[in-house]
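This report refers to the structure that appears directly beneath it.
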Amino acid sequence: KNEVEQSPQNLTAQEGEFITINCSYSVGISALHWLQQHPGGGIVSLFMLSSGKKKHGRLIATINIQEKHSSLHITASHPRDSAVYICAVPISSGSARQLTFGSGTQLTVLP
Amino acid sequence: DAGITQSPRHKVTETGTPVTLRCHQTENHRYMYWYRQDPGHGLRLIHYSYGVKDTDKGEVSDGYSVSRSKTEDFLLTLESATSSQTSVYFCAIRDREGMNTEAFFGQGTRLTVV
């Protein structure tokens, strides 16, 4: 069983719609990361959060540590938001804690 | 953008040949990572480095070796490439170990083993 589960795996929306992507994890963590991967492959960090909510432009990330759940919201979606969104959490592996990644949510926003 | 460069960006190689991928950073970050990304899987850690000449294995290290002879360069070598190693490879850097620090990723290397 994957320690980090994302849903949905694929999401198609119309421009302007409010979008929610979910991430659930199975272990206690100190922080969760949301990443964005555009066509062409580059990965950029969107948020790193350990409690509550963070906002950057039209993107909002929330986390509930007790419920082991995080959501990424996009308000007023735009075709340029089309990308793969990935959540990642630190999980112990060997002698260190390493980021474990969800398999990603492919978002397509249609004009 | 963080100064992190992967080379080559694309490579096609034959089964059984050795291949080396390079990750170069200009941020003087201590921690460097190699991941592979495959359909249906999240990014999976191959090897990581926590300093010059200090490296450790990740969850999918078989068939790969790494070297870090200076802070700015982290090399990933496929000793004898196999078709199962066809993947997109990402390098990442972080300045400290704590998981509350941001990771920066390279643009990726698409490797095809034929």
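Just so you know, all these numbers are worked out from the coordinates, no wet-lab data involved. Since we're looking at a predicted model, the values are computed, not measured. No Cβ is skipped: glycine too gets one built from the backbone with ideal geometry, and neighbour counts run over all protein chains shown.
Dipole orientation for chain A: of the candidates A:LEU46, A:SER24, A:SER103, A:LEU46 has the Cα lying most toward the positive pole (charges on Cβ; Lys, Arg +1; Asp, Glu -1).
The share of C-alpha pairs in the stretch B:69-114 whose separation exceeds 15 Å stands at 58 percent. The percentage of C-alpha pairs in chain A whose separation is greater than 16 Å is 56%. The Cβ shell under 10 Å around A:SER77 holds other residues with a net charge of -1, Lys and Arg each +1, Asp and Glu each -1.
Seen from all directions on average, the stretch B:1-67 presents a Cα convex hull projection of 5.6 nm².
In chain B, inverting the average of 1/r over every pair of distinct C-alpha atoms gives 14.0 Å as the Kirkwood radius. One way to sum up the overall shape of the protein assembly as shown is the equivalent ellipsoid from its Cα gyration tensor, whose semi-axes run 29, 20, 16 Å, largest first.
What Kirkwood hydrodynamic radius, in Å, does the stretch B:35-90 give when the mean of 1/r is taken over all pairs of distinct Cα atoms and then inverted? Over the stretch B:35-90, the inverse of the mean reciprocal pair distance is 11.9 Å.
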